[in-house]
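What follows is a single structure, written as structure tokens, with notes after it.
The values are calculated or read from the model by the stated rules, or taken from the named source; none is laboratory data. These figures come from a predicted structure and were not determined experimentally. Here the Cβ positions follow ideal geometry from the backbone for every residue, glycine too, while neighbour counts run over all protein chains shown. Note: accessible area is taken over every heavy atom of the protein model, side chains too, but ligands, DNA and RNA are not part of it. Shrake-Rupley method; radii C 1.70, N 1.55, O 1.52, S 1.80 Å.
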Amino acid sequence: MFQNIYKRNIISRNVFLFEKSIKFQNIYHINKIGFKSSSIRYQQTEPQPLVVKRGTSPGCDNLYPSLRHPSTASTKALTNEEVKKFHENGFVFRKGMFSLQEMDLLFQASKSDEISPVLPMLDSEGRVSSLSLMNHVGNNIYGAFARCARIVDSAEKILGDEVYHYHSKVMKKEPRVGGAWDWHQDYGYWYNNGVALPDIVSVMIAIDRHTLDNGCLQVLSGSHKMGRVNHVLVGDQAGAEPERIDQAIKLFGPAINIECEPGDCLFFHSNLFHGSPPNLSDNPRWSLISCYNTKKNDPYREHHHPCYTPMERWPDDCIIKSKGKRAQVGDGTLWLTPETTAGTIKSDTGEKNTMDAFNKK
């Protein structure tokens with residue numbers, strides 16, 4: 001068993017460097033259902049930055065062409081008026097994007113998830129929030145949400161291009177201890193990953209009820225028009241420079257509290273100033289956030305999040321059909337983790353990521 005020592009990169013809150021690294025060698029084979037997949041061989045090498053190889057997703061989307069068949073299109077995607085509001089304000093809020101039945105499946109699966117690695121993140125006062133990050137989603141409930149047509153179609157209407165899955169994360173703020181997220185822009189650190197344009201949209205789905213008391217997200221409407229600003233390390237987080245925050249609040253304040261119920265959905269621009277207070281309540285505040293980059297905005301260098309990798313679009317009923325399938329070893333998920341015995345990113349070799357996988361016993 002290799003023991004890896006990690007430290008956080010000052011530029012990006014999720015970049016980790018390690019002092020004993022593992023070299024990934026992809027060995028392709030034909031799995032039991034007849035599709036090419038990837039296994040991983042490891043060998044110890046000299047220290048090197050973390051990267052996700054271009055177009056690679058072991059047992060996942062890169063093995064299959066981008067699927068946008070008309071039969072999978074959604075009737076529940078954002079309207080043209082909602083897309084217009086997004087570009088004006090830097091965000092748009094859709095109430096009830098997902099049904100209570102769909103959200104119950106996500107709630108049960110996420111709360112009982114025992115395999116996803118947890119990345120603790122300290123705020124400036126030492127409180128801890130945590131996240132579980134998936135560079136590639138697998139054949140499970142998280143994959144169903146990330147590929148769901150109403151989300152994929154909405155992202156493509158906003159960005160005007162084919163999108164691919166940049167990463168997803170379950171954000172966890174536990175009662176009384178969940179920390180704050182300082183004001184920041186996501187593009188403030190994605191820019192350093194070789195992403196040339198801020199053409200990335202994040203989609204936050206509320207798993208629990210979000211209120212000001214339990215640390216709901218806050219946004220500065222229209223602040224995406226400021227463009228990217230410099231970020232500095234605050235605790236374990238990359239936050240915007242204080243003087244830039246002051247100016248953003250002066251121009252675009254007051255902050256809007258995104259209070260929402262399970263199933264409500266927020267689409268927001270990568271340059272939108274956002275943050276959240278600590279959770280001082282007795283109630284948890286969890287959310288699933290999926291981020292989508294465009295094909296034309298393919299990063300010019302490999303890094304710790306995926307470069308362009310064709311993604312399937314699944315029909316809107318895929319969440320119900322998933323039956324709340326939990327994440328498990330071998331389902332194609334590619335996790336980002338600071339503690340693994342075989343490299344920086346745990347790679348699970350899984351099945352072909354189509355709806356047929358949910359029907360396999």
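Annotations
- Those strands (runs of 3 or more DSSP E) lying entirely in the range 163-252 with at least 2 residues at pLDDT 95 or above and not aliphatic (A, V, I, L, M): 163-173
Each row is one residue, and each column tells you yes or no for (1) surrounded by fewer than 17 Cβ atoms within 10 Å (Cβ to Cβ); (2) assigned to a strand (DSSP E or B); (3) not aromatic (F, W, Y).
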position: E88; (1), (2), (3): yes, no, yes
position: L106; (1), (2), (3): no, no, yes
position: A109; (1), (2), (3): no, no, yes
position: M121; (1), (2), (3): no, yes, yes
position: S132; (1), (2), (3): no, yes, yes
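- Selected residue [under 29 Å from V195 (Cα atoms) and open to solvent by less than 30 Å² (accessible area, probe 1.4 Å)] from L266, L251: L266
- Tabulated pairs, the range 232-249, first touching a residue at least 24 places away in the same chain (Cβ under 8 Å), second open to solvent by less than 40 Å² (accessible area, probe 1.4 Å) and assigned to a helix (DSSP H, G or I), C-beta under 6 angstrom, 6+ apart or interchain: A238/Y189; A248/S223
- Among residues of the range 93-118 that are in contact (Cβ under 8 Å) with a residue 40 or more places away in the chain and small (G, A, S), those with a Cβ under 6 angstrom from a residue that is open to solvent by less than 50 Å² (accessible area, probe 1.4 Å) and not in a loop (DSSP other than H, G, I, E, B), sequence gap 6+ or separate chain, pair up as A109/I141; S110/V170; S116/S132.
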